[in-house]
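Only one structure is covered here, and it is reproduced in the block below.
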Amino acid sequence: QVQLVESGGGLVQAGDSLRLSCAASGIIFSNYGMGWFRQAPGKDREFVAAIKWSGSITSYADSVNGRFTIPRDNDKNTVYLQMNNLKPEDTAVYYCAADRDTYSRNSRDYDYWGQGTQVTVSS
């Protein structure tokens, strides 16, 4: 059974940092590209960041580029989302996802999803 379990969400103030974690089980983690997406109330789910299975290539949405990073630790079967200089518009439920074929920016390409973790940024 495949499981992706996110953790690390919470309530922070604008300008703060937060690190999300996504622990994977039931898959050969090092074979999968990993992505982070987010969904704010009343909005569609949107791409945030993705990383190749090897960790050698990353991709970011323009809205978070320069503030967020997506490292991974294949020994720990975990991908992270380091979020710095958070803004109120970053408030959303954040989801991690696993992509067997690549590290897509398109949510439809992902094979497995976590349940999400809430991030709330107050002004």
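The numbers here are math on the coordinates, done by the rules we state, and not lab data. Here the structure is a predicted model, which means the values were calculated and not measured. Positions of Cβ are backbone-derived with ideal geometry, glycine not excepted, and every protein chain shown enters the neighbour counts.
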Quick one: Debye curve from the alpha-carbon atoms of the chain only, equal weights, vacuum; give me log10 I(q)/I(0) at q = 0.21 Å⁻¹ to two decimals.
-1.16
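Within 15 Å, Cβ to Cβ, of Asp101, how many net charges do the neighbouring residues add up to if Lys/Arg are +1 and Asp/Glu are -1?
+1
What is the percent of Cα-Cα separations in region 68-115 that go past 17 Å?
That fraction is 46 percent.
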In terms of the ratio Rg/(2.2 N^0.38 Å) built on C-alpha atoms, what value belongs to region 26-92?
1.16
